[in-house]
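Single-structure report; data block below.
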Amino acid sequence: MPSLRLQLRPSDCDFYGHVNNAVYMSFFEQALAECLASMGYALDWQPQGEYSWQARSLTLEYRQAAAYGDALEGNLWLAKPDPVHPAFGFEMLRRTSNSANTTLPLFRGLGAWSRNRKGTNEPQQIPAELMTRLPQDRGILPREPRRAPASSQAKRYFLDHRVERNEVDPTGQVHLQALFRMLEESLSSACDQAGWPVERWLAAGFFTVQTRHDCQILSLPRAGEDVRIVSQLVEVRRLGGTWLIEVQRPTDGRLLARDHSTGVHLNLEGSPASPPSQILENIQFG
């Protein structure tokens, strides 16, 4: 499979004019779908197919920002050939405008997926002939996850959300891009609740960008289902910190997904900077 040429849309960009982090997850999924389709498994991504692919764990590492107009390419490969939960690596690159025509890494991902039978949602054995045909060793994987534990002292913030029909795929489950938008929105909501919306951060001379997600997916919510997203700032470092985010079903408390979201603080010039400790204490402990 050749490198995937990616075309950015204006709607892919966020408040800062950069490609929204959740869009990278969409590109990762697109690369997997196109790879499988090129090998005769296009029906797995269509409503009439007998199977569908579901992400089980995702490590996503954001290395540089991209903006509308950038020329991007993506490389996907089989990183861990597990017969039930194979893991795929994905790397996004930006072509530079210099004469050497080099590329810069923007994003690295590692995702374990399963091929589920529709109806039962049970993972199936991956066909051996498919495993042997998948590309290998095409890029660099993200660093190993480093998950901070939950804290009994850090304040818990809550965001309730009802999954809309435009957020789900043909199986009726929420799209991965929509899921990661929920995770990002939970952090904005938490800062709003703590009295530090993005406008106040900017007025103080700082903003925060996410640098990685380490996400485990147990079950994806469906259209019309209510979810509660619980966020805690569990680790504070001089130039950044990590949030623990849990997506729960409020009716029975069932855990659907757990994510460790790590970010870095920047000044208005875009350089790493340490904001006043009082800001982080307000957000962490209320």
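What follows draws every value from the coordinates through simple rules; no lab data is involved. All values derive from a computational prediction rather than experimental measurement. Reconstructed Cβ throughout: ideal geometry from the backbone, glycine too, with neighbour counts over all protein chains shown.
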>> Given a Förster distance of 51 Å, report the FRET efficiency between GLU122 and ALA203 from their Cβ-Cβ distance, rounded to the nearest 0.05.
In response: 0.45
>> Placing unit charges on C-beta atoms (Lys and Arg positive, Asp and Glu negative, everything else neutral), compute the dipole magnitude of the range 141-194 about its Cα centre in debye, rounded to 20.
In response: 300
> Rounded if a/c is under 1.5, else prolate if a/b beats b/c, else oblate: with a ≥ b ≥ c from the C-alpha gyration tensor eigenvalues square-rooted, which is the chain?
Replying inline: oblate
> Hey, what number do you get for the chain at 222 nm if only DSSP H runs of n ≥ 4 count, each worth -39500 (n - 2.57), divided across all residues, to the nearest 500?
Replying inline: -6000 deg cm²/dmol
> If you find the alpha carbon centre of the range 1-42 and of the range 225-246, how far apart are they in angstrom?
Replying inline: 26
> Ranked from highest to lowest mean number of other Cβ atoms within 10 Å per residue, what is the order of the peptides 129-141, 203-215?
Replying inline: 203-215, 129-141
